[in-house]
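K.L.:
The structure under discussion is supplied below as C-alpha cells; questions concerning it will follow.
The values are calculated or read from the model by the stated rules, or taken from the named source; none is laboratory data. Keep in mind that this is a model prediction, so the values were computed, not measured. All Cβ positions, even for glycine, are placed from backbone atoms using ideal geometry, and neighbour counts span all protein chains on display. Each accessible area value is taken on the protein alone, full model and side chains, heavy atoms only, with ligands, DNA and RNA left out. Shrake-Rupley method; radii C 1.70, N 1.55, O 1.52, S 1.80 Å.
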Amino acid sequence: MDTTRLRDLVETDGPFASVYFDDTHNTEDAAKQRELLWRELRGELAEQGADERTLAALDDAVLDSEPPVGRAGRAVVAAAERVLLDQWLAEPPPRPVARVSRMPYVLPLAELGELPPAHVVAVVDRVGADVTAVDERGNVVDSRTVEGTDTHISKVRGGAWAHRNIQAHAEELVKQNIEKAAEHVASITRSVGATLVVVAGESQARKALIDALPQGVRESTEEVEPGGRKQGSGNEELDLLIDELLAEATARRKDEVAQRFSAALAQPTGLAVQGLEAVTAALREGNVETLLVGDPGDTEVLTGSAPALVATQEELITASGDDTATRARADEALPMAAAAVDADVVSVGDRLQLTEGFGALLRHD
C-alpha cells in the first residue's frame, strides 16, 4: 500500500474513529441493510468514546454517499469532526470493525484496499482504439479515442487486379490505424508507469495492435476476448475480466515482496529484518522501504510524540529527548510510523510467518 494517501492521518491528532464494513449493494434492501449496520457500528464507536461531532461527520459520509455497484467494502476514518479517509474496498472485510483509538487503524487498507497497479485498457477495432489510462492511485489520468480513417476500409470480393489493389489499400489503412493506436498506447503506458496493458476488441485488430507495441510494453500486455468499441461501461464481461487481471497483478505484487524479503533475510547482510525490536529500530531511523505485516495480534509497542518514534523499550523513547512514551497497539502504531517515513505497507497474509507479525525491507545497511 502506498502510504502517501495517509498523509492527513499522520498530520492529525487523535482520537480517531476507524470503521470497516460490508457495503455491498446487490439487493433491493441494500440501503436499509447499510443503515442498520451503520447504526450498530455507530453505537460501538459511541461506547468507545467517540464524540458526537465526529459521529455526525461519519453519519454524513456513510449514509449520504452514492452506493457502490455490487460487492464492495468500505473504509472510513474520522477525527476532529472531519472525515479524513473514505475509500471503497475491493472486498468486504470478513467482519465489521469499529475502533476508537489514539491512532488511526489502517491495516485493513493494506489487506483489502490495496490499489491495483497503474494500467492501460485499449479496446480496438480496424479504425482505432478507445484507450483509458489509470495511475497507481486509481485515478483515470487519460481517456481518449485514437482513430484513423474508415474510408474505403472494407475488403472487396473478386480477383481482378483493381479489386486486389483496393483490398491492399484497405489493409494498409487498417495497418496505419492500428499503428497510430499502438503508438498512443505505448506512450501513455510509459507516462503513467503502467505494469499492465489490457487489449480487447476485434480479434484481428487485437493481435495487430499487440504486435505493433514495443517489446517492453508487449511483455506487460494481456489480451482478452470480450469487448467491442462503442459499448462503453455497459460491457460488464470485459469489466469483470479487467478486475480479475488487476486482482491477479495485485496478488503477484505481494508475492514478489514476500519473495524479496525471504531472499534478503537469508543473506548475512541482507536488507531485511523481522520482529518488533528490529523493525521499530528501522522505523525510528527512517530506514524502512516496505513494512510487511502478517498476524500481529494484540501486540503493543511504545510510541513517542512523533509518529515514527516507536520502540519496544521506554528508554529508547526517552533517549531521543521525548518523555511521552505511551503504549499503543502495534497494528496501529507501526503502519502509521511507516506512513511517516514514506514507506509502503504490505499485508503478506499467510505468505510468510513473520516474527511477532512484522518484518521490513530496508533502504540501506
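K.L.:
Using modelled amide H (1.01 Å from N, peptide plane; none on Pro or chain starts), what sits under 5 Å from the amide H of Leu309, excluding residues fewer than 5 places away?
P.N.:
For Leu309, the qualifying residues are Gly304.
K.L.:
Given a Förster radius of 45 Å and the C-beta distance between Glu172 and Asp2 as r, what FRET efficiency does 1/(1 + (r/R0)^6) yield to the nearest 0.05?
P.N.:
Working from the Cβ atoms, E equals 0.50.
K.L.:
How large is ³J(HN,Hα), in whole Hz, for each residue of segment 183-196 in order, when computed from phi with the Karplus curve 6.51 cos²θ - 1.76 cosθ + 1.60 and θ = phi - 60°, using x for Gly and Pro?
P.N.:
These are the phi-based 3J(HN,Hα) values: 4, 5, 4, 5, 5, 6, 4, 5, 4, 8, x, 5, 9, 9 Hz.
K.L.:
Over the chain, what is the mean sequence separation of C-alpha contacts under 8 Å (at least six apart), divided by residue count, expressed as relative contact order in percent?
P.N.:
Details: 724 pairs, mean separation 58.5, N = 365.
Result for the chain is 16 percent.
K.L.:
Ignoring everything except DSSP H segments at least 4 long, calculate the 222 nm mean residue ellipticity for the chain; use -39,500 (n - 2.57) per segment, divide by total residues, nearest 500.
P.N.:
-12000 deg cm²/dmol
K.L.:
Long-range amide H contacts for Glu300: which residues qualify at under 5 Å (H placed 1.01 Å from N, peptide plane, sequence gap of 5 or more or a different chain)?
P.N.:
Close amide H contacts, sequence-distant or interchain: Ala330.
K.L.:
Quick one: Karplus J couplings for segment 97-102, per residue in order, coefficients 6.51, -1.76, 1.60, θ = phi - 60°, nearest Hz, x for Gly and Pro?
P.N.:
Karplus values, whole Hz, x for Gly and Pro: 10, 9, 9, 10, 7, 5.
K.L.:
Separate question: I'd like to check one number: the per residue accessible area of the chain, probe 1.4 Å, reported in Å² as a whole number. Write down the numbers at each step before the final one.
P.N.:
Working: 18280 Å² over 365 residues.
Solvent-accessible surface per residue comes out at 50 Å².
K.L.:
Can you tell me the length gained on complete extension of the stretch Ala31 to Gln204, counting 0.36 nm per residue apart and subtracting the Cα distance?
P.N.:
Value of the extension gain: 57.8 nm.
K.L.:
I need to check one value: relative contact order of segment 50-131, counting alpha carbon pairs closer than 8 Å and at least 6 residues apart, in percent.
P.N.:
Working: 78 pairs, mean separation 17.5, N = 82.
Value for segment 50-131: 21 percent.
K.L.:
Not counting ligands, DNA or RNA, and with a 1.4 Å probe, what is Ser347's accessible surface area in Å² rounded to the nearest 10?
P.N.:
10 Å²
K.L.:
A further question follows. Order Val140, Val100, Val76 by their accessible area, 1.4 angstrom probe, all chains in place, largest first.
P.N.:
Values: Val140 95, Val100 35, Val76 0 Å².
The ranking, largest first, comes out as Val140, Val100, Val76.
K.L.:
Amide H neighbours of Val288 under 5 Å, counting only residues 5+ apart in sequence or on other chains, H built in-plane at 1.01 Å?
P.N.:
Arg363
K.L.:
Continuing with this model, one more query. What are the aspartates and glutamates whose alpha-carbon lies under 18 Å from the alpha-carbon of Lys180, with same-chain residues fewer than 8 places away excluded?
P.N.:
Asp125, Asp130, Asp142, Glu147, Asp150, Glu171, Glu172, Glu202, Asp211
K.L.:
Which of [x] 67, 39, 37; [y] 63, 52, 37; [z] 92, 57, 30 is the computed Cα extents along the principal axes in Å for the structure on display?
P.N.:
It is the one labelled [z].
K.L.:
Further question: Aspartates and glutamates within cross-link reach of Lys32: Cα-Cα under 16 Å, excluding same-chain residues under 8 positions apart?
P.N.:
Counting by Cα, and skipping residues close in sequence, Lys32 has these aspartates and glutamates nearby: Asp22, Asp23, Glu40, Asp59, Asp60, Asp64, Glu66.
K.L.:
How far apart, in nanometres, would the label points at Gln87 and Gln313 be if each is projected 7 angstrom from Cα along the Cα-to-Cβ direction?
P.N.:
Going from the Gln87 label point to the Gln313 one covers 3.5 nm.
K.L.:
Per residue of segment 349-365, what does 6.51 cos²θ - 1.76 cosθ + 1.60 with θ = phi - 60° give for ³J(HN,Hα)? Whole Hz please, x for Gly and Pro, Karplus curve as stated.
P.N.:
Per-residue couplings from phi come out as x, 9, 5, 9, 9, 8, 4, 6, x, 9, x, 8, 8, 8, 7, 7, 5 Hz.
K.L.:
May I ask you to list the residues of segment 90-108 whose amide nitrogen lies under 16 Å from a point 7 Å from Cα along the Cα→beta-carbon direction of Asp243?
P.N.:
90-93
K.L.:
What's the extension gain from Asp211 to Glu183 if we count 0.36 nm per residue and subtract their Cα-Cα distance?
P.N.:
8.9 nm
K.L.:
Continuing with this model, one more query. Pull out the extension gain between Asp298 and Gln267, defined as 0.36 nm times the separation in residues minus the alpha carbon to alpha carbon distance; nm, one decimal.
P.N.:
In short, 8.1 nm is gained.
K.L.:
Accessible area of the chain with a 1.4 Å probe: how many percent of it is carbon plus sulfur?
P.N.:
The value for the chain is 46 percent carbon and sulfur by accessible area.
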